[in-house]
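Take a look at the following structure, please.
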Amino acid sequence: MRIVVQDTPFDMGAEAEAFANGRHDMGAVVTFTGIVRDFGDGGLDAMEIEHYPGMTRKALETIAEEARTRWSLGDVLVIHRYGRMEPGEKIMMVATAAPHRKDAFEAAEYLMDYLKSRAPFWKKEHATTGETGWVSAKDEDEDALSRW
Amino acid sequence: MDVLYFAWVRERIGLPKEKVTTDAATVADLVAELRAREERYDLAFSDLSALRVAVDQELTDFDASIKDAREVAFFPPMTGG
């Protein structure tokens with residue numbers, strides 16, 4: 001299991017390759033990458049992500065450990081950035097390795113659902129107009145946890 | 001203990017962290033003490049349903065005990081991923 005919290009960019013291709021490389025007992029690797037998305041009109045200048053340094057790693061480890069108890073997984077990778085990112089930059093990625101794809105897919109979805117609502121990160125949008133606003137948590141994100 | 005604020009809670013109160021000496025038994029008691037201090041605290045804590053709390057870096061509820069706690073953090077619902 002590898003948990004990374006950093007402000008610098010990461011190479012999703014290199015991370016996925018390193019994660020999948022050399023495994024002979026894992027038939028499936030699933031990766032998900034989250035990317036800073038513009039409003040669709042070029043109005044987003046940047047996304048700023050604040051986190052709770054003392055708690056973040058522990059929260060991510062707890063979520064990843066829980067995934068490992070629920071599914072048959074060989075390995076889990078979580079990378080999450082903080083700081084300022086521009087549209088198109090990668091915010092975070094998760095990867096799961098499992099003997100079979102169902103476990104890998106489901107565990108990746110579980111990780112994403114819990115990362116959204118239970119990992120101490122907060123997103124602030126900076127519009128090109130100079131306006132800023134904290135992204136509100138969505139009810140559907142909280143509801144998504146109840147399916148697990 | 002250390003009291004930490006994140007995101008708009010930090011902005012509304014105007015600082016990220018402060019030392020607080022308190023005899024409050026629970027998070028809710030601590031919130032009541034903070035609200036009585038100044039209007040900026042009162043405003044930040046006016047809707048507890050919009051806030052989350054962690055005691056010693058573990059998510060918990062507002063009725064949780066803070067006896068012997070070293071760190072209490074207040075923040076809005078998280079928006080990771």
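The values are calculated or read from the model by the stated rules, or taken from the named source; none is laboratory data. Note that the structure is a prediction, hence the values are computed from the model and not measured. Note that we place each Cβ from the backbone using ideal geometry, even for glycine, and neighbour counts take in every protein chain shown.
With at the interface with another protein chain (Cβ under 10 Å from one of its Cβ atoms), within 17 Å of the chain's Cα centre (by Cα) and of a type outside the set (D, E, K, R) as the only criterion, which of A:Phe105, A:Phe121 stands out? Spell out how you get there, then give the answer.
Details: A:Phe105 fails: at the interface with another protein chain (Cβ under 10 Å from one of its Cβ atoms).
When all the criteria are applied, what remains is A:Phe121.
Starting from segment A:90-102, take each residue that is more than 10 Å from chain B (Cβ to nearest Cβ) and assigned to a strand (DSSP E or B) and list its partners that are basic (Lys, Arg) and surrounded by fewer than 17 Cβ atoms within 10 Å (Cβ to Cβ), counting only C-beta distances under 7 angstrom and pairs at least six apart or across chains.
A:Ala97/A:Arg23
Then there is this: Do you know which of the residues in segment B:67-81 that are more than 11 Å from chain A (Cβ to nearest Cβ) and touching a strand residue (DSSP E or B) at 6+ places or on another chain (Cβ under 6 Å) is surrounded by the fewest Cβ atoms within 10 Å (Cβ to Cβ)?
Pass one, segment B:67-81, residues more than 11 Å from chain A (Cβ to nearest Cβ): B:67-69, B:72.
Add one more test, that the residue is touching a strand residue (DSSP E or B) at 6+ places or on another chain (Cβ under 6 Å), and what stays is B:69, B:72.
Values: B:Ala69: 18, B:Val72: 24.
Checking each candidate, the answer is B:Ala69.
Can you say whether A:Leu73 is modelled with pLDDT of 95 or more, part of a loop (DSSP other than H, G, I, E, B) and buried (at least 17 other Cβ atoms within 10 Å of the Cβ), as far as the supplied structure shows?
Numbers: modelled with pLDDT of 95 or more: yes; part of a loop (DSSP other than H, G, I, E, B): yes; buried (at least 17 other Cβ atoms within 10 Å of the Cβ): yes.
Here the answer is yes, as A:Leu73 does meet what is asked.
Looking only at segment A:58-69, decide whether some residue is part of a loop (DSSP other than H, G, I, E, B) and among the charged types (D, E, K, R).
no
A further question follows. Being closer than 15 Å to B:Val3 by Cβ and in a strand (DSSP E or B) is the filter here, so list the residues in segment B:54-77 that pass it.
Across segment B:54-77, the qualifying residues are B:Ala54, B:Val55, B:Thr60, B:Glu71, B:Val72, B:Ala73, B:Phe74, B:Phe75.
Now for a different question. Looking at A:Thr69, A:Thr129, A:Thr56, which one is touching a strand residue (DSSP E or B) at 6+ places or on another chain (Cβ under 7 Å) and among the polar types (S, T, N, Q)? Before you say what the answer is, go through the steps one by one.
On the way: A:Thr69 fails: touching a strand residue (DSSP E or B) at 6+ places or on another chain (Cβ under 7 Å); A:Thr129 fails: touching a strand residue (DSSP E or B) at 6+ places or on another chain (Cβ under 7 Å).
A:Thr56 is the lone residue from the list that is touching a strand residue (DSSP E or B) at 6+ places or on another chain (Cβ under 7 Å) and among the polar types (S, T, N, Q).
Please go through segment A:124-148 and pick out each residue that is hydrophobic (A, V, I, L, M, F, W, C), within 13 Å of another protein chain (Cβ to nearest Cβ) and either within 18 Å of A:Arg2 (Cα to Cα) or surrounded by fewer than 19 Cβ atoms within 10 Å (Cβ to Cβ) (or both). Show your work before the answer.
To start, the set of residues in segment A:124-148 that are hydrophobic (A, V, I, L, M, F, W, C) comprises A:127, A:134-135, A:137, A:144-145, A:148.
Imposing the further condition that a residue be within 13 Å of another protein chain (Cβ to nearest Cβ) reduces the set to A:134-135, A:137, A:144-145.
Scanning segment A:124-148 gives A:Trp134, A:Val135, A:Ala144, A:Leu145.
Every residue, every condition in (1) touching a residue at least 40 places away in the same chain (Cβ under 8 Å); (2) in a helix (DSSP H, G or I); (3) under 16 Å from B:Phe75 (Cβ atoms); (4) among the basic types (Lys, Arg), yes or no:
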site: A:Ile79; (1), (2), (3), (4): yes, no, no, no
site: A:Ala104; (1), (2), (3), (4): yes, yes, no, no
site: A:Asp113; (1), (2), (3), (4): no, yes, no, no
site: A:Asp141; (1), (2), (3), (4): no, yes, yes, no
